[in-house]
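These notes are about the structure you will find just below.
The values are calculated or read from the model by the stated rules, or taken from the named source; none is laboratory data. None of these values were measured; they are calculated from a predicted model. Here the Cβ is made from the backbone with ideal geometry for all residues, glycine too, and neighbour counts use every protein chain on show. Accessible surface is based on the protein model in full, side chains and every heavy atom, while ligands, DNA and RNA are left aside. Shrake-Rupley method; radii C 1.70, N 1.55, O 1.52, S 1.80 Å.
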Amino acid sequence: PARYFDTKTTEPISFFLTGLEELLAWQPNSNDEFNVSAVPLAKRQPPLRSGRPRTLVCHDMRGGYLEDRFIQGSATRNPYVFYHWRYIDIFVYFSHHTVTIPPVVWTNAAHRNSVPVLGTFITEWTDGEKLCEAFLAGGEEAYGAVAEQLARIAQHYRFDGWLVNIENKLSAAAVGNLPLFLRDLTARVHSAVPGGLVIWYDSVLKDGTLRWQNELNDQNRMFFDACDGLFTNYNWKEEQLERTQRLAGPRLNDVYVGVDVFARGDVIGGGFDTDKSLRLIRQFGLSAAIFAPGWVYEHLGKENFLQNENRFWGSLAEYLPTHSICTLPLTTSFSLGMGTSTFLDGKDEDSGPWYDLSAQDIQPLYPEQQGTLSTSCCLQDAWCGGSSLQLQGTIPPGEERVAVRLFSLQMPAPPKLFLTLLYKLEGPQPDDFTVALEVTTWDSGICFEGNPTSLPEPNGRYHPRFLPAPPPGLAKLLAACHRGSYGWTSRCYELELQDCSLRDLSLIVSRQQPSLQETSFTCLLGEIRVLDTASVAASPPQVQGVTASQLWWQ
């Protein structure tokens, strides 16, 4: 069927639903199993509902369902990817189809990086008016059926909820039932999807007229009260933020103030000035909804996309609270889910472009320090997948080392950690430097390394012990320790901690010799793994009951 499979290639594709009839007729069937997300939403710290302002990204690009609709990837050159997941809290996939089911590749990538994904339910123009009249004015049975289907769809495809966007005027009967519909939908989503969310877009007012308010006020408050949040329109001024802050009260973080990166209409910021809007929003303690950050790709072009993307998110970083990883194992090759080649064990196995967001790895922080450090993605060389992480920086005169914070962590440390690192030093004198990992812990006063007689490290900084060879029980899994090839160096480490809580994982680049000169370095990271030794030694669960279906030969 054309909905589920590309007519040219027969490959499975992601899809949307159009109109009320398609929505009400939707049933799961065996053709859509490719569309079910295979990656559960990873835990994070602090949890999404902790009391700090959040950041929502609303992805709207040329109508949606572009190359990202190919569930098993495509040979796309210079595709759009998003990878600053540590800096955002919610991802919305937006299109103008009635029911936008997020392409499963996005859900997989976001979930791996602890970010929930929302689809969009939209009605607009006169068709939208008719559609709303049919299900909202029809009373509890009619709007209950729509709420039930939307909750079932999110549950079936394993994404996390909905943005609801009613962009047309409503009759008195329809608008009277709208808060009831939102309450019903929110309750059903919460019960069907753990951590599910329903967010309302600032559009229709309580009297049914369509008039964007750019704030939370008495005209739209009943919709905010009926769901998990309000996403405001983009043309706000400072006094509207102030009024919103007053009215939202304890639900301050549930108001997502809209920022259009394309800066359409009378807006503050946009483009590379988006930080101006965020600064104001955060002054009032409100959450932010960044709309169409694909501007970087669409407006500035595909050629220097990765460079421009790092510049864009780097300029916003001080206004974006990050979330930490709180489960082990942590293992990543830094792949973006795209490449110009496919690498395996450092070897370029297959030249040619590819794009598959489901293959995107856990992403690090992307620290930038003006003039002394830049973190970027390198497509020209990788250990595994399509890219490695490139760190370029300088060690200042008189200093011995520079620390690059790659991951923030928040979890109790197991008694014994096992870490592996694959790296490549580039530049004129790679032998002038050494590279190592550093683990920091939260200050607790009772945290010790190794045995209880050792003293706690100042600032809780620990340098895992370098292991020339893996411990016998792990040798098979970690043939890794000797697997440097194609110029990559492989290192294994061990760290024993007692009563500690992990905080950061950093890379330390040190000079071999002290120097009064500034020294520049370039280091590629191919893979990092942080494993709980006890769980690695346990044998993995056996896979059972494998079935293969829908096979055909060409």
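Multiplying the residue separation of HIS96 and THR7 by 0.36 nm and subtracting their alpha-carbon distance yields 29.8 nm. Cα axis of helix 125-136 to longest principal axis of the chain: angle in degrees, 0 to 90, nearest 10? On a 0 to 90 degree scale, this one is about 80. Return one number: the angle in degrees, 0 to 90 and rounded to the nearest 10, between the long axis of the Cα atoms of helix 274-283 and the longest principal axis of the Cα atoms of the chain. The helix 274-283 is inclined about 80 degrees to the chain. The antiparallel fraction among DSSP beta bridges confined to the chain stands at about 70%. A simple count of charges around HIS156, restricted to other residues whose Cβ falls under 11 Å of its Cβ and scoring Lys, Arg +1 and Asp, Glu -1, yields 0. A simple rule links phi to the HN-Hα coupling: the Karplus curve 6.51 cos²θ - 1.76 cosθ + 1.60 with θ = phi - 60°, which for segment 118-123 gives 10, x, 10, 10, 10, 10 Hz, with x for Gly and Pro. Element breakdown for the chain at a 1.4 angstrom probe: carbon and sulfur atoms account for 51% of the accessible area. Couplings for segment 33-38, taken from phi via the Karplus curve 6.51 cos²θ - 1.76 cosθ + 1.60 with θ = phi - 60°, read 5, 4, 7, 7, 4, 9 Hz in order; Gly and Pro are left as x.
Would you give the gap between the C-alpha center of segment 139-186 and the C-alpha center of segment 230-304, rounded to a whole Å? Rounded to whole Å, the Cα centres lie 26 Å apart. Per residue of the chain, the DSSP helices (runs of n ≥ 4 H) give a summed -39500 (n - 2.57) that works out to -6000 deg cm²/dmol at 222 nm. Only Cα pairs under 8 Å and 6+ residues apart enter the sum, and on that basis the relative contact order of the chain stands at 13 percent.
Fully extending the segment from ASP273 to GLN429, taken as 0.36 nm per residue of separation minus the present Cα-Cα distance, adds 52.3 nm. The 3J(HN,Hα) values that the Karplus relation (6.51, -1.76, 1.60; θ = phi - 60°) gives for segment 356-364 are, in residue order, 7, 5, 4, 8, 5, 8, 4, 9, x Hz. Gly and Pro appear as x.
A value for semi-axes √(5λ) of the Cα gyration tensor in Å was derived from the coordinates, and within the list [x] 46, 31, 24; [y] 41, 32, 24; [z] 43, 27, 23 it appears as [z]. Each residue, SER171 and GLU148, gets one label point 7 Å from its Cα in the Cβ direction; the gap between the two is 2.3 nm. Extending 7 Å from Cα along the Cβ direction at GLU298 and again at ALA25 yields two label points whose distance is 3.1 nm.
ASP207 versus ALA317, label points 7 Å from Cα toward the beta carbon: distance in nm? With each label placed 7 Å out from Cα toward Cβ, I get 4.9 nm. A simple count of charges around ASP89, restricted to other residues whose Cβ falls under 14 Å of its Cβ and scoring Lys, Arg +1 and Asp, Glu -1, yields +4.
Under 5 Å from the amide H of LEU163 lie the amide H atoms of GLY119, THR120, PHE121, ILE199, each residue being 5 or more positions distant or on a separate chain, with H modelled from the backbone and absent for Pro and chain starts.
The mean accessible area for residues of the chain, using a 1.4 Å probe and ignoring ligands and nucleic acids, is 43 Å² per residue.
A cut-off of 5 Å between modelled amide H atoms, ignoring neighbours fewer than 5 places along the same chain, links SER515 with GLY398.
For the pair GLN45 and SER520, the difference between a 0.36 nm per residue extended length and the Cα-Cα distance amounts to 167.5 nm. Computed from the C-beta positions of SER510 and GLN72, the FRET efficiency with R₀ = 45 Å rounds to 0.55. Taking HIS299, HIS156 and ordering them by how much accessible surface each has at a 1.4 Å probe, largest first, produces HIS299, HIS156.
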